[in-house]
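Q: Have a look at the structure that comes next, please.
Each value in this text was obtained by applying a stated rule to the coordinates, not by laboratory testing. It should be emphasised that the depicted structure is a prediction, and the values quoted were computed from it without experimental measurement. Virtual Cβ from ideal backbone geometry, glycine too; neighbours counted across all protein chains shown.
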Amino acid sequence: MTDDGIRRTKTGIPLPGPDRPSRPDWALDETNLHKSMDAVPLFMNSLPEDADENPLIQALQDLAYDGTPEEVAENFKNQGNDCFKQGKKFYKDALLFYTNGLEVFCKDDKLNETLYVNRAACNLHFGNYRMVLTDCAHALKLNQKNVKALFRSAKALYALEMYKEAIDCCEHALNADPDNQAVKDEQAKIQAEFDRKEKIRLEKELREQKIREKKMMIEKALEKRKIRTAATPGFKPDHPHEIQLDQDLDQLTIPTFFLYPEHNESDLIQAFNEQDVIGEQLAEIFYEPAPWDPEHKYRPETVQTYFETEDNGGNIGLMKAGLNVKFLTVLQHSKHVLRDGIARFIVVPKEDSQWKKDWLAKYGK
């Protein structure tokens, strides 16, 4: 305790007490340091609304632009470099400094070249690849052998999957600096990715070509047999099976539904050969009673098989198909339409019933 009644440290600094605040009014708030520093003009991240009326802020702004354009641009470049060296958290500040340097429009081409290349490095980090290419293009206009501009252009082009252009940039960079290992590594990476994507592309093209060729052969086979076809707009099959052509035997197999409307059931034959007869297929289907036919009423000899017909006016009819009728005969019928690449047969009991009468009535029979 000193003579003035205030407790002090050994060096004479007053200690907090009941009549003395623990911190002076001018001290920064240590619990919210960033906010406190933002209130100090020298450390402000953004200008307040009354910046135009604040002489201290105006003086600091004027100080930043004090000197020749070249000196001002050099100063902004150095500040940008300092921020960039501090790490990714400060890249945004570095980008702003480089932009300020370019907006001075100094006449030092070498300095402007550096500012463009450095700003490109920031934009590369933020994924602004088009801006990277723009900045590097400006730098290359000033110096077409700027290896950093070519290198960063290659990185941006790689990110945009413009592999040929990226490889070209690497080649130009290596022409200027043949021993640059970073460029060599980048070129190798880009080339490997380009080769991988090119392989995938060629394999896809080959698959698509084979699909087109197969489709054309099937279309020709259907046309040769005079089988009428139609496609329903927007139709998507709920199975993966398609019409197939055995080129050696010159025979078609077609996915075919056997429908049982009385029980709202069906069977899908994945590949019904055009040369098979309907009765043989029914014999395979009804070899054992279906779960929905415990009384075994559905057998080749106790059912009738129909297929729908369609005339040129779109009118739907019904026609019987005997057990000994070949599948191809049905397909070639003048009123049969192979719609959406799927054949359909309707199977009902031979015996008369009220359900059958009502069902036939729908077709005008």
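Q: Between LYS199 and ASP238, how many nm apart are label points set 7 Å from Cα along the C-beta direction?
A: With each label point 7 Å from Cα toward Cβ, the separation is 4.1 nm.
Q: Can you compute the FRET efficiency between GLU208 and ASP311 using 1/(1 + (r/R0)^6), with r the Cβ-Cβ distance and R0 = 25 Å? Round to the nearest 0.05. Don't jump to the answer; show the numbers that get you there.
A: Working: r = 37 Å, r/R0 = 1.47.
In this case the efficiency is close to 0.10.
Q: Give me the mean projected area, in nm² to one decimal, of the convex hull enclosing the Cα positions of segment 244-361. Spell out each step's value before the answer.
A: On the way: hull surface 32.0 nm².
Result: 8.0 nm².
Q: With 17 Å as the cut-off, how large is the P(r) tail for segment 65-196, expressed as percent of Cα-Cα pairs? If you can, show how the numbers build up before the last one.
A: Numbers: 5052 of 8646 pairs.
It works out to 58 percent of all Cα pairs.
Q: Past the 32 Å Cα-Cα mark, which pairs from LYS214/LYS350; LYS155/LYS215; LYS141/LYS184? Provide the component values of the computation, followed by the final result.
A: Details: LYS214/LYS350 41 Å; LYS155/LYS215 42 Å; LYS141/LYS184 23 Å.
As for pairs spanning more than 32 Å Cα to Cα, those are LYS214/LYS350; LYS155/LYS215.
Q: Once you have the Cα-Cα distance between GLN270 and THR99, take 0.36 nm times their residue separation minus that, and quote the gain in nm to one decimal.
A: On the way: separation 171, 0.36 × 171 = 61.56 nm, distance 6.70 nm.
Extending this stretch completely gives an extra 54.9 nm.
Q: Give me the one-decimal nm value for the distance between modelled label points at ALA283 and ARG299, 7 Å along each residue's Cα-to-Cβ direction.
A: 1.4 nm
Q: Please list, or write none, the aspartates and glutamates whose alpha carbon is within less than 14 Å of the alpha carbon of LYS224, excluding same-chain residues fewer than 8 places away.
A: ASP250, GLU274
Q: Cross-link partners among aspartates and glutamates for LYS236, C-alpha distance below 12 Å, same-chain residues fewer than 8 apart left out?
A: Cross-link targets: ASP340.
Q: Straight-line reach from LYS356: which lysines fall under 30 Å, measuring Cα to Cα and dropping same-chain residues less than 8 apart?
A: The reachable lysines, counting only those whose Cα sits under 30 Å from LYS356, are LYS297, LYS320, LYS326, LYS335, LYS365.
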